[in-house]
1. Residue by residue through segment B:19-28, note down the ones that are facing chain A (nearest Cβ under 7 Å) and in contact (Cβ under 8 Å) with a residue 40 or more places away in the chain.
2. Can you run down the residue pairs with Cβ atoms below 7 Å, 6 or more apart or on separate chains, where the first is in segment A:18-30 and small (Gly, Ala, Ser) and the partner is crowded, with 16+ Cβ neighbours inside 10 Å?
3. Sort through A:ALA15, A:ALA24, A:ALA72, A:ALA48 and tell me the only one that's within 19 Å of the chain's Cα centre (by Cα), more than 10 Å from chain B (Cβ to nearest Cβ) and of a type outside the set (Asp, Glu).
4. Could you say whether any residue in segment A:154-171 is part of a loop (DSSP other than H, G, I, E, B) and under 30 Å from A:THR99 (Cα atoms)?
5. What's the total number of residues in segment B:84-99 that are in contact with a Ser or Thr (Cβ under 7 Å, 6 or more places away or on another chain) and under 16 Å from B:ASP6 (Cβ atoms)?
6. Looking at A:SER144, is it part of a loop (DSSP other than H, G, I, E, B) and hydroxyl-bearing (Ser, Thr, Tyr)?
7. Within segment A:104-127, track down each residue that is surrounded by 17 or more Cβ atoms within 10 Å (Cβ to Cβ), without any contact (Cβ under 8 Å) to a residue 40 or more places away in the chain and closer than 24 Å to B:PRO64 by Cβ.
8. For A:LEU100, which of the numbered conditions (1) among the aliphatic types (A, V, I, L, M); (2) crowded, with 19+ Cβ neighbours inside 10 Å; (3) within 14 Å of chain B (Cβ to nearest Cβ) fails to hold?
Amino acid sequence: MEPLKLLDLQLVEWANILSGQYVATDTILKLITSDYLIPLILGLILLALWFSGDNRYARKRNQTIILTAVTALGIANLTVLIINDFYFRARPFDEIELTLLFYLPTDSSFPANPTAASIAIAFSILREKKMVGTITLILALLWSMSRMVAGVSYLSDIAAGASIGIVASYISSLILLKLTPIPDLLIRILRILHLA
Amino acid sequence: MSFELDYLLLVFFSSCGSIQLAVSQGPLYGLRFIKSPFPNKVFGLLLISISFTWFFISEPRNIPDSSDGLNGNQQALFFIFGACMATIFTVLISSLHNNSNNRIFLLSEPGLESLNSHSFYSSTRKYLNLLWNR
């Protein structure tokens with residue numbers, strides 16, 4: 001375990017070299033790392049997907065993707081919450097001196113919750129819609145990696161978060177497949193209101 | 001203004017823009033603010049970019065949830081509320097704007113596709129009439 005921990009620290013230290021060099025890159029990094037930019041863009045993509053599609057069948061497919069993504073997000077968050085109850089890992093800035101571009105989070109570093117949540121959404125979309133899924137995946141990876149550059153996550157936190165996100169999206173699609181009448185009922189109710 | 005209100009306004013306006021972007025490409029004319037697809041798409045993009053620029057430039061937004069920021073659950077709730085408000089606003093404005101549309105309307109079943117040719121208001125009214133006369 002020790003060599004892995006060392007490698008993790010070295011990778012953060014190496015990535016953090018990008019921080020504090022230029023005002024422009026720092027501003028962009030702060031924006032990407034922010035808790036409010038990429039999560040909101042992902043939410044807006046899901047909202048746009050709800051109203052997209054040339055006919056009712058295409059729209060229903062998109063709306064089912066959204067329900068899968070939201071369920072996957074819930075599963076990923078719950079998994080991270082449970083892991084955090086049993087295991088606490090200090091943030092990289094607690095271990096080594098880094099140039100910080102982010103506020104000092106106090107929760108456990110492992111696994112990376114933002115990665116788990118965003119990858120869960122991205123993979124739920126990616127399985128059905130390649131183009132939109134690829135865009136969301138790029139955004140999710142950008143958000144995750146920027147947190148490493150900003151000195152708040154290790155690469156292993158991001159890898160664990162991504163694994164949780166991928167598994168959550170598969171579990172979610174299985175759940176919705178087994179419980180098809182529930183999302184169908186929800187969509188049918190919204191159709192009466194002309195909203196689905 | 002408080003951080004929560006700022007975030008809610010960001011969600012509301014960017015959601016309005018996002019809906020307009022989505023309906024610009026599809027057949028849901030009844031939800032458009034502007035009838036032609038290209039100007040409507042530009043309008044949607046402008047709404048999103050202006051609201052994001054305003055939110056991130058007006059004040060420093062790198063705020064932890066332990067201070068004035070929002071945690072993940074609060075963000076999700078604010079997003080759901082803001083997006084619902086944006087949908088209601090879109091439905092109201094597009095209904096007012098597109099209500100003069102008097103094309104022949106054949107409503108067979110409910111759903112978003114009824115907004116391909118009519119506004120939310122007129123399709124809901126006709127659907128309720130249909131149910132009432134059944």
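The values are calculated or read from the model by the stated rules, or taken from the named source; none is laboratory data. If you're wondering where the values come from, they're calculated on a predicted model, not measured in any experiment. Neighbour counts are summed over all protein chains in view; Cβ atoms, including those assigned to glycine, are modelled from backbone coordinates with ideal geometry.
1. B:ILE19, B:PRO27, B:LEU28
2. Every condition considered, the pairs that remain are A:SER19/A:ASP26; A:SER19/A:LEU29; A:SER19/A:LEU101; A:SER19/A:VAL149; A:SER19/A:ALA150; A:SER19/A:GLY151; A:GLY20/A:ASP26.
3. Working: A:ALA15 fails: within 19 Å of the chain's Cα centre (by Cα); A:ALA24 fails: within 19 Å of the chain's Cα centre (by Cα); A:ALA48 fails: more than 10 Å from chain B (Cβ to nearest Cβ).
Every option except A:ALA72 fails the conditions.
4. Of all residues in segment A:154-171, those part of a loop (DSSP other than H, G, I, E, B) come to A:154.
Going one step further and asking which of them are under 30 Å from A:THR99 (Cα atoms), we end up with A:154.
Yes: one or more hits.
5. Initially, segment B:84-99 is screened for residues in contact with a Ser or Thr (Cβ under 7 Å, 6 or more places away or on another chain), giving B:86, B:94-95, B:98-99.
Of the ones still in play, those that are also under 16 Å from B:ASP6 (Cβ atoms) are B:86.
Qualifying residue count, segment B:84-99: 1.
6. Numbers: part of a loop (DSSP other than H, G, I, E, B): no; hydroxyl-bearing (Ser, Thr, Tyr): yes.
Judged against the criteria, A:SER144 is not a match.
7. Going residue by residue through segment A:104-127, those that are surrounded by 17 or more Cβ atoms within 10 Å (Cβ to Cβ) are A:105, A:108-126.
Cutting the leftovers down to without any contact (Cβ under 8 Å) to a residue 40 or more places away in the chain gives us A:108, A:126.
Across segment A:104-127, the qualifying residue is only A:SER108.
8. All conditions pass for A:LEU100, except number (2).
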